Structures are given as C-alpha cells and as structure tokens.
1. Which distance in Å, rounded to a whole number, links the C-alpha centroids of segment 279-321 and segment 55-113?
2. Please list log₁₀ I(q)/I(0) at q = 0.07, 0.11 Å⁻¹ for the chain, using the Debye equation with identical point scatterers on the alpha-carbon positions.
3. In Å, what Rg and Dmax follow from the Cα atoms of segment 200-297?
4. What figure, in Å² to the nearest 10, do you get for the accessible area of Asp27 with a 1.4 Å probe and non-protein molecules left out?
5. Accessible area per residue of segment 237-280 at 1.4 Å probe, in Å²?
6. Counting helices only, and only those DSSP H runs with n ≥ 4, report the 222 nm mean residue ellipticity of the chain as the sum of -39,500 (n - 2.57) divided by its residues, in deg cm²/dmol to the nearest 500.
7. Can you tell me the length gained on complete extension of the stretch Leu221 to Val317, counting 0.36 nm per residue apart and subtracting the Cα distance?
8. Between Tyr117 and His160, with labels modelled 7 Å along Cα→Cβ, what's the label distance in nm to one decimal, could you check?
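The values are calculated or read from the model by the stated rules, or taken from the named source; none is laboratory data. This one's a predicted model, so the numbers in the text were calculated from it and none came from an experiment. Every residue, glycine among them, receives a Cβ derived from its backbone with ideal geometry; neighbour counts consider all protein chains shown. The area values use the complete protein model at the heavy-atom level, side chains included, leaving out ligands, DNA and RNA. Shrake-Rupley method; radii C 1.70, N 1.55, O 1.52, S 1.80 Å.
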Amino acid sequence: MKSPLLSLPGAVPAEGVDEGVAAHYGDLFREQRALADGTGLVDLSHRGVVSVSGPDRLSWLHLLLTQHVTELPVGQATEALILSAHGHIEHALYLVDDGETVWAHVEPGTQDALVAYLESMKFFNRVEVADRTDEFAVVYLPAGSIAPVPDGVVVRETAHGRDLFLPRASLESYAAENGPAIGILAYEALRVEAHRPRLGFETDHRTIPHELGWIGTAVHLQKGCYRGQETVARVQNLGKPPRRLVFLHLDGSEVHLPVAGTELRLASEGEEGRKLGFITTAVRHHELGPIALALVKRNVPLDAGLLAGTTAAAQEVVVEP
C-alpha cells in the first residue's frame, strides 16, 4: 500500500519490508535530529493494523499472548508476542485497549497470518477479529511532541513516543498540519540506538524471546499457559539462551554499512575466523556514526573486538550472557 506522503518534496521510497513509505525526505541526519528533539512525525502507514473487539477480548488474548492482559487498563500501551509450540517468535504485537476494542499494529505483511491464527483460536469466545489495515494508518509522534491528537483517534503512548491509529483518509491532511514528515530510516536509527528489537530484523526462524531482551517488556513470567511457554520457563529457570543481542559501534572510516546477515568473527582471528553471529540491522546515526544491532553466541567475550565482514566493531551489552 503506497503512502500519499511519498508525493511530498524530496521523498525517497523505502525498499524491502518497509516499501510503501518514505526512507527519507532528503536529509537523513536532519530528520534524525528532529525526531530526537521531539518534532515531526513518521509515516508508518505500511504497518498492519488488527483489532479485537467483544466482551471476552482481553481474557481470550491472555490465553494466546506472552503478555498479561486480562486486566489491561484502558489506554495503557503494552507489547506481546505469539510463539510457536517450540517457543520461537512468530508475531510481535504493539497493543492498546480503548475500552471496547484492542488495537494492535504489526510488521508489514504479517497481518494476514496473524488474523488467520486468531480466527482459528476463537472457538466459543465472544470476540471479533478484523484486519483494519485498509482503514487505519499508524503514525508515530516522538517523545516530547506537542502535535495534537484528533478527537476519537486511538493512541498508544510509550516512553519512546506515541503511535496514532489514524483514519487512513486523514493521513495526508494530518501530516500537512503537524509535520515535517520524517522517513523510516531516521526512525530505525533511533530504534537501534535504543536497543529495541524488531520482528524480521533481529529475529529469524529460531529466535526465542530471551535472546532479544523481550522478557519483561513483551513476555510476562507470572501468567498462565500459552503456546511456547514451556520453552520460556525452561530457559528462564534452568539455562541460558544460545544467543544474545548486542549493540555495535562500527568503524566510521568504512564507506559502506555491513548489510543484514553479515557474519561476525573475533577481530583477533581475522576474516577467516569462526563465525560467532551476524548483523541484524545497521544504520548511520547523527551523533554515534555507524551503529548496529547483532546476534552473537552467548559465550562471546563481552570485551572482544569483532569483525563484521571487514568492518571493525566494538560491543555494548544489551542482553547479559
């Protein structure tokens, strides 16, 4: 779904998963500084929007999600995962309840599979699941923004900013009144700086929540049974995850950023050393320079210098080994 904000001056379309919105509007670092200062808005209208309504919505979702939501207060943001039977991450949902309906935004293109799964689990519960992506566009306002929220618009407010579930027909006019519009690359740079994982970027087919630091924020450890809980409990109580998320400062003298999937090795072993992990997201930050998130084996020494391909990288701990 192509955003109308791609018609704004300077808009350069994003590629890959984020296709449909702008990568930037001509000045990546200016856009990052604006977000960091609490101004502008980010068009996330390519993300999927799913709603769950009905009197049983919270108790029913509580059975399916990793998060405790039976008594989720109206207007309180939370996030949750859906796991496979083996505890691998399948979906990440960013939720808020408005008193009648739970609203969630999800990764682009994942809403169909999510809705199909939820529909298959309804049984006799009084719930209605709907894909609302055609009707609503997600717009992000950074922390500190004074942009108004239109009457009736559902808001998901976190420490990082506010997600608005804006009627899609209002997207262009709202951006014109409350811009400047800021591209997804600036949003991603601040996400990496904040060490926040993203489904499909920091995850692969075998990722479990402990590896990314999603315990506590998206996984509640004192709630009832849900699919994949045995793996979560076993790792929490008896062991450690096989991999851990790290934050990397990359060598700023390199012209090109390492792409996602670039293999990591110990700098002391050189380019032919053992593979110890891989880059998940690499970005250029307006203050920190080139930075990245990566998954590495749990036993990689915390102070070890790494090589991302041929690029030197220094670690910061995100998930403790």
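1. Cα centroid to Cα centroid, the span is 30 Å.
2. Treating every Cα as an identical point scatterer, log10 I(q)/I(0) equals -0.29, -0.73.
3. My reading of the Cα-based Rg and Dmax gives 16.0, 50 Å.
4. 60 Å²
5. Value for segment 237-280: 55 Å² per residue.
6. -5000 deg cm²/dmol
7. 32.3 nm
8. Going by the 7 Å Cα→Cβ label model, 2.0 nm.
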